[in-house]
Each structure stands twice: as C-alpha cells, then as structure tokens.
Amino acid sequence: MQKTDDNLCIISPQYVMPEIRLSSPHMGGKEITFVQQAFNTNWVAPLGPNVDAFEDRIVKHTGCGHAAVLNSGTAALHLALVLLGVGVDDLVICQSFTFSASANPIRYQGAVPVFVDSETETWNMCPQALEDSIKRCLAGRVGSGPKMPKAIVTVDLYGMPAKMNEIREVADRFGIPIIEDAAEALGSTYEDKFCGTFGDIGIFSFNGNKIITSSGGGALVSKKEQFVKRARFLATQAREDYAHYEHRELGYNYRMSNISAGIGRGQMEVLAERVDQRRHNYACYREALEGYPGLEFIDEPKKAFSNRWLSTLLFRPRQTGGISREDVRVGLQKENIESRPLWKPMHMQPVFSDMPYIGGSVAQDLFLDGLCLPSGSNLSKEERDRVICGVRNVLERRNT
Ligand SMILES: *Cc1c(COP(=O)(O)O)cnc(C)c1O
C-alpha cells in the first residue's frame, strides 16, 4: 500500500485545486453500447431488452431469485410496503440511522414508522432494540392501541451488512416480514450471501451516487416470484390485461426506461471491480490515518464483506485534542474536498419529530462524530493522497 509523504501535506489555494467529490458516477464503457442499441431500435420507452437484461444480471449476480427494476430505490421501498399490505395507521419498524428514503414511503402509506437504534458493530438495526420495539407495539405503548407491526425495514448502511441472522430470528418469532434496504449495499455479502437477499423483499438503488448507477433507478427483489410480478404490475399503473385501459387497483408509474436500463446493464459488468475500488479507498484511508488518537474505523464482523460504498470514520474530540468531524469537514472544504457527516438519524429529523423512537444514543453518537470521505471508485491515488493530507492538516493543526 502506498504511503503518503507528510512533506507533501501543504495547503494549496482552492482555485488551483480541482474539486474532489464525495461519490460520483463511474462508467465502465459498455453502457453507451446498450444505450445506442436502444436508440437504433427506437426502444426508448419503458420496458424493452435492456430492462430484461438488467433484471437478469441482477438475479444472476446476487442470487436474489427475481428482480423488477424501477425508476428509483424509493419507488422500490414504496411498492415493498404496498405488497406487504401496509396501510393507514399500521406500524412499521424502521432503522433510525439511515437516509430519509428508507422512512418516507412508510408515511406515503399513512403508516407510522417506529424508529429503532443501531448497534455499534455494524451501525445497523440493533436486534435487541428491535425486540423491545415489537414488545412495546404489542403492549400498546406505541401509536394507538396494541398492534403487531406490519413490517420491519432494515438497512445495510454504507454497504455494511446488518446482523440479519439475529434480526431474522426476532422477526420470525413474531411473524413479521422484513424489507431489506440494500440501496447502499449492492455487492456486499454476509456468510457468502448477497445483501438484498436476506429480507422477504429487498431493494437496491442505482441513483447517481451509489456504487453503480443507471442515472437514477432502483430494483425490488425477492425469492417470491409473486411479489416481483405484482410489483411490476403495480409499477405499470396497475393496468389489467385488456385491449382498453382497465384498472381495478391504485397503480403507480414506477418502471425503469430502456435507456436507463442500458446504463445499468453496462454497469453490472463492472460491479465487482467497483467494489474492489471502493474497498481499496477505505484500506488506503485506514492505513494512512489509523495511528491518530481519537480516530475510529469500523471493522467488518466475521463473515461480513462490505462493498465500502462510502469510506466512513469517527473523530472522537475527547481524544483528538478537541478536533471534531466538523473541523475536519470544514478543513477539507477549504481544500476543495467534499466530505459529509454520517446520516442524521430519522428520530432527530424535524419531519419525523412526532414518530416514536426506541433505543439509546448509538445512532445520534455516530451522527455527531462520523464523517464520510470522498469514496468514488474513480478516485485517483493523487486525489486520495490529497484527502489524506487534508485530514492530517486539520489533525496536526496546519490549516488554522
Ligand atoms: C439511496 C438510498 C435510497 C433511495 O434510493 P433512490 O434510488 O435514491 O430513490 C434508499 N435507502 C437508502 C439507505 C439509500 O441510501
């Protein structure tokens, strides 16, 4: 692994340094061929051969059983809730430490998200907090009266697999289905099984910042063909099989276009490479920065393999001599480097302030001290070294 020469850590004026982004798209080369094919055949509409091929590649790569590609990961989460019959005033348990798209669709359905805390090993849903939250729902201490939660939304945040065996054990004991939000975890595995395949329904995102992108899109996956077929039907305005337009249920316009799917199809060919590149970013940052007091990196638990979608670390001000993640973020910004705090937990968000929360301060603590460093698979060694120098400059107070 390369070493960063400390002498190179000088502050350069912003105007000469090009911006380093957090996570930008990275095309492999084949995408344009599939898009061109769509143009050549005038198959620019939703559905089409790229859609079928993209779905097929997802199924073959992850072993998820069946897949329907959609126009966003959020749409996939929304349809997952619809498929599980989540409706007005139902309770849905949801990991609090996540991006808002995990929770918003619960509100689209008029249901109540019951937010639960994370554990410190994977930063994902704490199985104990999950069990507590279910018991509280059953005891009528959450929402209006005793109720069995309708679904559990777990997340594999930043690509790190959640403790799915423990979560599954609790869910099965109460007979509650799991939606696995693997939007950030395509290519991650636990016990050699791919993330997205642990829930009753899984979802992926191909948004522009994710490990691969279709310039916007998502997928709903399941071992149950019935779910995926019905998702496809609902995503196509719930149009019945008639010559005229016949609708018996509420439908959605959630399908992916053949153009987007061409990009996604091309990206699937480089997914494994993208995982290696993102993991390499993480390894380099860790190697270069680990010695500093107060910096914490998260290990992969045994049998877990993270795609390391974003390289994350914690800055503990009590051990860094008072330097916070915000100091580092601002310091990097001065050098035209984009970094970002970890996700702000849902139970701390104004939009969800009336929603119940069960757990302690793990998620809040991660938000307060955590930072995501530039993590694109297209980062050059020089760019990564600039990031490392930028962080060192703050820690060694060279840029104040
Ligand atoms: C990106 C993301 C989503 C939403 O996916 P979109 O394709 O942007 O709609 C959902 N959950 C998590 C955890 C995400 O990071």
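The values are calculated or read from the model by the stated rules, or taken from the named source; none is laboratory data. Nothing here was measured: the structure is a model prediction, and the numbers come from that model. Counting neighbours? That spans all protein chains shown, and the Cβs are built from the backbone with ideal geometry, glycine included. Quick note on the areas: whole protein, heavy atoms, side chains included, nothing else; ligands and nucleic acids left out. Shrake-Rupley method; radii C 1.70, N 1.55, O 1.52, S 1.80 Å.
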- In region 144-172, residue nearest to the ligand (Cβ to nearest atom) [restricted to those that are open to solvent by 10 Å² or more (accessible area, probe 1.4 Å) and closer than 20 Å to Asp90 by Cα]: Lys150
- Could you list, in sequence order, the residues of region 195-220 that are within 16 Å of the ligand (Cβ to nearest atom), more than 14 Å from the chain's Cα centre (by Cα) and either polar (S, T, N, Q) or open to solvent by 10 Å² or more (accessible area, probe 1.4 Å) (or both)? Phe198, Gly199, Ser214, Ser215
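Do the conditions hold for Ser102, that is, is it of a type in the set (Ser, Thr, Tyr), buried (at least 21 other Cβ atoms within 10 Å of the Cβ) and within 16 Å of the ligand (Cβ to nearest atom)?
yes
Examine region 321-340 for a residue that is within 30 Å of Asp90 (Cα to Cα) and either in the same structural domain as Ile106 (by TED's automatic domain parsing) or more than 21 Å from the chain's Cα centre (by Cα) (or both), and state whether such a residue exists. Write out each step before concluding.
Narrowing region 321-340 to residues within 30 Å of Asp90 (Cα to Cα): none.
Among the residues of region 321-340, not one is within 30 Å of Asp90 (Cα to Cα) and either in the same structural domain as Ile106 (by TED's automatic domain parsing) or more than 21 Å from the chain's Cα centre (by Cα) (or both), which makes the answer no.
Residue-wise test of (1) of a type in the set (Val, Ile, Thr); (2) farther than 16 Å from Pro374 by Cβ; (3) open to solvent by 50 Å² or more (accessible area, probe 1.4 Å).
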| site | (1), (2), (3) |
| --- | --- |
| Ala304 | no, yes, no |
| Arg316 | no, yes, no |
| Gly321 | no, yes, yes |
| Arg325 | no, no, no |
| Val328 | yes, no, no |
| Asn336 | no, no, no |
| His347 | no, yes, no |
- Among the residues of region 283-296, is any open to solvent by 30 Å² or more (accessible area, probe 1.4 Å), without any contact (Cβ under 8 Å) to a residue 40 or more places away in the chain and among the small types (Gly, Ala, Ser)? yes
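Please verify whether Thr189 is open to solvent by 10 Å² or more (accessible area, probe 1.4 Å), under 27 Å from Leu379 (Cα atoms) and among the β-branched types (Val, Ile, Thr), treating the condition exactly as stated.
Values: open to solvent by 10 Å² or more (accessible area, probe 1.4 Å): yes; under 27 Å from Leu379 (Cα atoms): yes; among the β-branched types (Val, Ile, Thr): yes.
Considered against the rule, which asks whether it is open to solvent by 10 Å² or more (accessible area, probe 1.4 Å), under 27 Å from Leu379 (Cα atoms) and among the β-branched types (Val, Ile, Thr), Thr189 comes out as yes.
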